[in-house]
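Visitor: Have a look at the structure that comes next, please.
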Amino acid sequence: MTKQQIINYFSEKYGTDIFSRLKKLREEMNELTEAEIDYADIMSASSIECLKDELSDVLAVAIHTAHLLGETSETMLNRAYEKAKIRENNPEYKHSELKAENEALRQSGTTDGTDGVSFVSNLDRAIMRLEADQSLNESVDLKRDKLIEAKNIVADILAHSR
């Protein structure tokens, strides 16, 4: 089978909802952790095979999820490589940016890093992305409805605070 056929199979069998695929990725990571513990305890040929099986599950879900995000496994591997290379020269890569952002938030007294207006704007963009998805299912409809409700609540709060 080609990689695309396998991705199509996973999409048909497991769906294309990013959140459910990320949940599945967490489940598979937990199973990989259990296999790692078994391997550390036993170190047998069967525990090595179990470790390989769980790792292949993690990779399959990760590759499928990357595809749903519009990326290939090769692109994601290169992305990870580039970050690793940058960290050779700058071990604080990403961490220093987060520290600076958190410090700025602390000083400004803002907890979410945005004002209410940009928060509503971000919710609008998320709603539009969900509405643009041609494969809307009940789960996506529910998420969209919750985002619309959250946006309306924040907009009401902003309107009454001015």
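Computed from the coordinates by the stated procedures, all read-outs in this text should not be read as laboratory data. Predicted, not measured: the structure shown is a model, and the values here were computed from it. For neighbour counting, all protein chains shown are included, and Cβ atoms are generated from backbone atoms with ideal geometry for every residue, glycine included.
Visitor: Over 32 Å between C-alpha atoms is what I'm after, so list which of Lys24/Lys146; Lys52/Lys83; Lys83/Lys146; Lys3/Lys146; Lys24/Lys83 land there. Could you put the intermediate results ahead of the total?
Guide: Numbers: Lys24/Lys146 22 Å; Lys52/Lys83 26 Å; Lys83/Lys146 35 Å; Lys3/Lys146 35 Å; Lys24/Lys83 25 Å.
Violating the 32 Å limit, Cα to Cα: Lys83/Lys146; Lys3/Lys146.
Visitor: Exposure proxy check: Lys24, Lys3, Lys143, Lys13 ranked by fewest other beta carbons within 10 Å?
Guide: By the 10 Å Cβ count, ascending, the order reads Lys13, Lys3, Lys143, Lys24.
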